[in-house]
Amino acid sequence: MPSTPVSGKIIGLIAGNRQFPFLFARAARDQGYKIVAAGIVGDTSPFLYFFVDKFKYFKVGELKRLFEYFRENSVSQVIMAGQVNQDNLFNPAVKLDEELQALSNALHDRKADTIFAAVGERLGKEGIQLLDSTFLLQKYLAPKGTLTKRGPTVDELKDIEFGLTIAKLMGGIDVGQTVVVKDKAIVAIEAMEGTDQAITRGGLIARQGAVVVKASKPAQDNRFDVPVIGPRTIQTMARVKAACLAIEAGKTLIIDREKTVNLANQANICILAA
């Protein structure tokens, strides 16, 4: 998988929710790319329009229109940034076009990696290469070390070690990236609900002092589902009085690192990138 684009200065952006699409758009603009963005109805912020060169909304099931849009705009390389609400998987109101229906019928399961890998393969058949979504974002990856004023306690380090083992096991079967631990007890594992909801659920069970571990999958495909943290992660942890966040250095994107670290310091939350 190439780490840099191999043709032209036009890039397609399949944008999901939250801040990752904005982070990528700013970085791409700074490096001289024309950005042709496809937003997902109900997920993508309309403000992304002001950060890209072309923007159009698509419904979740409209794969054929997405292909046509990229071809019309001479896009041969795309990245995926931001999550798509996985509730759509069970929403009877979501109608799949013939392209996505055929793809869906061929899937052996409905895990996130399975779905996105199939979409990536289908894009390739259309002559559109799906790139590593971090290829312009190396400076936003977490550096190794303690990022906050407070480092982890001995007990927190034990929970981090324990939680990382569990997170890797769960990631290996594509369950989720986040585990919430308290005194070497697993209080929550992220599934389809997402990181913030897993932290909230685990933090309420732990009452206070929970350790949150977010890790890449053993066979992480950086074309989609890259581990991301940011201010919202810390705000969620602070609400449930969680104590420590452990992430992987060089493999986790940090949205607005300065604000994220400042919020953690204010809440006496430790952030460790190992």
Dimensionless Rg over Rh [the chain; C-alpha; Kirkwood]: 0.98
Whole-percent carbon and sulfur share, accessible surface of the chain, 1.4 Å: 53
The stretch 31-89-the stretch 133-157 distance, computed between alpha-carbon centres (Å): 30
Distance (nanometres) between label positions extended 7 Å along Cα→Cβ at Asp30 and Ile173: 4.1
Helix axis angle, 112-125 relative to the chain longest principal axis, alpha carbon, degrees: 30
Contact order relative to length of the stretch 4-148, as percent, for alpha carbon pairs under 8 angstrom and 6 or more apart: 27
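Among DSSP beta bridges lying fully in the chain, give the percent that are antiparallel, nearest 5.
30
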Mean accessible surface per residue for the chain, computed with a 1.4 Å probe while every protein chain stays in place, in Å²: 47
Rg and Dmax [Cα atoms of the stretch 223-274; Å; Rg one decimal, Dmax integer]: 10.7, 34
Rg followed by Dmax, in Å, when the stretch 173-269 is reduced to its Cα trace: 12.6, 36
Percent RCO, i.e. relative contact order, over the stretch 58-129, from Cα pairs under 8 Å lying at least 6 residues apart: 44
Table column - 3J(HN,Hα) (Hz), the stretch 263-274, Karplus curve with 6.51, -1.76, 1.60, x for Gly and Pro: 4, 5, 4, 5, 9, 6, 9, 8, 10, 10, 10, 10
Listed peptides 234-240, 264-270 by packing density, highest first (mean Cβ within 10 Å): 234-240, 264-270
Taking all pairs of distinct alpha-carbon atoms in the stretch 94-137, Kirkwood radius in angstrom: 11.6
For the chain, built as a Gaussian network whose Cα springs stay under 10 Å, the top-fluctuating residue of Gly32, Gly12, Gly171: Gly32
Globularity ratio of the stretch 13-170, using Cα Rg and 2.2 N^0.38 Å: 1.22
Efficiency of FRET between Gln208 and Glu126 - r from beta-carbon atoms, R0 45 angstrom, step 0.05: 0.35
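Contact order normalised by length for the chain, with contacts defined as Cα pairs under 8 Å and 6 or more residues apart; what percent is it? All intermediate terms of the calculation are to be shown ahead of the outcome.
On the way: 537 pairs, mean separation 48.8, N = 274.
Once normalised by length, the contact order is 18 percent.
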Close Lys-Lys pairs in the stretch 69-198, where close means Cα under 29 Å and separation is 8 or more or interchain: 21
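The values are calculated or read from the model by the stated rules, or taken from the named source; none is laboratory data. Everything numeric in this text was worked out from a predicted model, so none of it was measured. FYI the Cβ positions are ideal-geometry reconstructions off the backbone, even for glycines, and counts take in every protein chain you see. When the accessible area is computed, the model is the full protein with side chains, heavy atoms only, and any ligands, DNA or RNA have been set aside. Shrake-Rupley method; radii C 1.70, N 1.55, O 1.52, S 1.80 Å.
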